[in-house]
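The values are calculated or read from the model by the stated rules, or taken from the named source; none is laboratory data. Given the structure is predicted, the values throughout are model-derived calculations rather than measurements. Using ideal geometry, Cβ is built from the backbone for each residue, glycine included, and neighbour counts are taken over all protein chains shown.
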2 protein chains.
Amino acid sequence: MNDFDQTYLDTAAQPDDDAAATARQGVSPAVIKRLPRYYRYLRELIRQDKLRISSSELSRMMRVTASQIRQDFNCFGGFGQQGYGYNVKYLYVKISEILGVNRRFRAVIVGAGNLGRALGRNSMFAKRGVVPTAMFDVDPALIGQTVGELPVLSMDALEDYLAANPTDIAVLTLPKECAAEAALRLAKSGVHGLWNFTGRELELDEYDVRIENVHLGDSLMTLCYELNLMQNEEK
Amino acid sequence: MNDFDQTYLDTAAQPDDDAAATARQGVSPAVIKRLPRYYRYLRELIRQDKLRISSSELSRMMRVTASQIRQDFNCFGGFGQQGYGYNVKYLYVKISEILGVNRRFRAVIVGAGNLGRALGRNSMFAKRGVVPTAMFDVDPALIGQTVGELPVLSMDALEDYLAANPTDIAVLTLPKECAAEAALRLAKSGVHGLWNFTGRELELDEYDVRIENVHLGDSLMTLCYELNLMQNEEK
């Protein structure tokens, strides 16, 4: 963790009751989808030492209308003085709170293959206040290794580890054939968030679990669709 | 490439003028976003030897309303007989055509770090008719290696390679500081599709380039938002 992250995590360390209250009311998925983008752009502005930004500037950066930005922020009580613009650091802290950056969610990566190892070495977690603590695999050749700073532990030790180290998020990078069983074990051990790269849909309706599916292939195909369209137009 | 993929690529090998014509008309982004999901589910049905499916069955699988599915397919001329259901293989071939699977798009991976190597070994490309041919990096320790079946070549050789090997897609997995320069070189060398994992927005308005940005961190934060909401509700 660098100073930049530490400073803003400290600022945001005390959950704000207002923000918590507004977050509770339920916000449309489209707005929620934009929040991580705001978070990224605001980090970039802070790095550039930009202290204030108007909704029209933010609008140009984000390629979203200024009125959309004002509406989005109003969902959470509104963060700025119109005309005078937004205080970048205040906005960053508020959005961090809504996204739970200050919660310091703890994560494990289940599956120490290529993708798991790539994620295990990635700074993405630290930048978002998420703390990976260990990786798990079934392959004896991998167990005992260290990836970045993460130990690779045996899947046999999963339940014991989670009992001793309460964990919020499991990143599923294991083969899809093993996804359902692993997800069930994680849910039973009290993991409430699954970040699912396996491509397999998970059915855990009996458990209080949130699942975020990543289908990289879908993103690739969206690009292929655009290229196909381009080539058809050239015919 | 396995038999499964080869058979359906062969079936779809001749571009269909009707499909090309409908694709040309412009379809809403929401529909386009669902096409790769249809593709995934139809592959799964074919694997299960399921030959026909009703829109209501497909609807349950996809968690989209049956009427939405009919509307989506109507954007491309409609693929089925209502009541009798859809012919799964026909639907798969048609959607493959719209997505350009039969184009056999050629790809390079620029950046042979952890993520690049994880993608280079991934079967995702072959399953979608995309053919990765090489990886590029600036690190002398990596140049000359082979990742999966892909040679890692020097970035110095990029232009020569692309001139000799026309390439449709570049997967950008290099550090964000290098993203803009690499993207420009690729666009100038006639690459029309960029699959951008760098987290840096690319400005290539002068070039006929389609960009698909992948922000894995945004997906992680969406999960954090849900977990934060869950913990706020428990208070």
Some residue of region A:190-197 being within 30 Å of B:Met62 (Cα to Cα), over 15 Å from the mean Cα position of the chain (by Cα) and either hydroxyl-bearing (Ser, Thr, Tyr) or not assigned by TED's automatic domain parsing to the domain that holds A:Ile95 (or both): yes
Considering residues of region A:26-49 that are among the basic types (Lys, Arg) and farther than 14 Å from A:Met61 by Cα only, the residue nearest to the other protein chains (Cβ to nearest Cβ): A:Lys33
Residue within region A:147-159 that is β-branched (Val, Ile, Thr), crowded, with 17+ Cβ neighbours inside 10 Å and farther than 30 Å from B:Leu229 by Cα present: yes
Some residue of region B:113-129 being of a type in the set (D, E, K, R), more than 8 Å from chain A (Cβ to nearest Cβ) and either under 17 Å from A:Ser219 (Cβ atoms) or without any contact (Cβ under 8 Å) to a residue 60 or more places away in the chain (or both): no
Count of region A:86-116 residues which are over 16 Å from the mean Cα position of the chain (by Cα) and modelled with pLDDT of 95 or more: 3
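Among the residues of region A:166-177, is any modelled with pLDDT under 95 and over 21 Å from A:Arg121 (Cα atoms)?
yes
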Residue check for B:Glu57: modelled with pLDDT of 90 or more and not hydroxyl-bearing (Ser, Thr, Tyr): no
Region B:87-115, residues that are within 25 Å of B:Ser189 (Cβ to Cβ) and charged (D, E, K, R): B:Arg103, B:Arg104, B:Arg106
Test: residue in region A:173-189 that is within 11 Å of chain B (Cβ to nearest Cβ) and touching a helix residue (DSSP H, G or I) at 6+ places or on another chain (Cβ under 6 Å): yes
A:Ala134 surrounded by 17 or more Cβ atoms within 10 Å (Cβ to Cβ) and either at pLDDT below 95 or more than 18 Å from the chain's Cα centre (by Cα) (or both): no
Residue, nearest to A:Gly113 (Cα to Cα), within region B:139-155, restricted to residues that are in contact with a strand residue (DSSP E or B) (Cβ under 9 Å, 6 or more places away or on another chain) and assigned to a loop (DSSP other than H, G, I, E, B): B:Gly148
Residue that is farthest from the other protein chains (Cβ to nearest Cβ) [pool: residues in region A:209-235 that are closer than 17 Å to A:Gly111 by Cα and part of a loop (DSSP other than H, G, I, E, B)]: A:His215
Residue that is touching a Lys or Arg at 6+ places or on another chain (Cβ under 7 Å), at pLDDT below 85 and farther than 24 Å from A:Asn213 by Cβ, where the choices are B:Ala23, B:Ala19, B:Ala12: B:Ala19
Restricting region A:71-110 to residues that are assigned to a loop (DSSP other than H, G, I, E, B) and touching a Cys at 6+ places or on another chain (Cβ under 8 Å), the residue that is surrounded by the fewest Cβ atoms within 10 Å (Cβ to Cβ): A:Phe105
Options A:Leu119, A:Leu58, A:Leu42: the member that is surrounded by 18 or more Cβ atoms within 10 Å (Cβ to Cβ) and either of a type in the set (D, E, K, R) or assigned by TED's automatic domain parsing to the domain that holds A:Leu172 (or both): A:Leu119
Evaluation of A:Ala170 against (1) away from chain B (no Cβ under 14 Å); (2) in contact (Cβ under 8 Å) with a residue 40 or more places away in the chain (one fails), failing number: (1)
Condition broken by A:Ile69, with the remaining ones in (1) within 16 Å of A:Ile169 (Cβ to Cβ); (2) modelled with pLDDT under 90 satisfied: (1)
Residue within region B:149-162 that is polar (S, T, N, Q) and either within 20 Å of the chain's Cα centre (by Cα) or under 19 Å from A:Gly217 (Cβ atoms) (or both) present: no
Of the criteria (1) more than 12 Å from chain B (Cβ to nearest Cβ); (2) of a type in the set (D, E, K, R); (3) closer than 19 Å to A:Ala134 by Cα, which one A:Glu206 fails: (3)
Positions within region A:174-199 being buried (at least 16 other Cβ atoms within 10 Å of the Cβ) and not in a helix (DSSP H, G or I), in sequence order: A:Leu174, A:Ser189, A:Val191, A:His192, A:Gly193, A:Leu194, A:Trp195, A:Asn196, A:Phe197, A:Thr198, A:Gly199
Qualifying positions in region B:196-235 - basic (Lys, Arg) and farther than 30 Å from A:Leu229 by Cα: B:Lys235
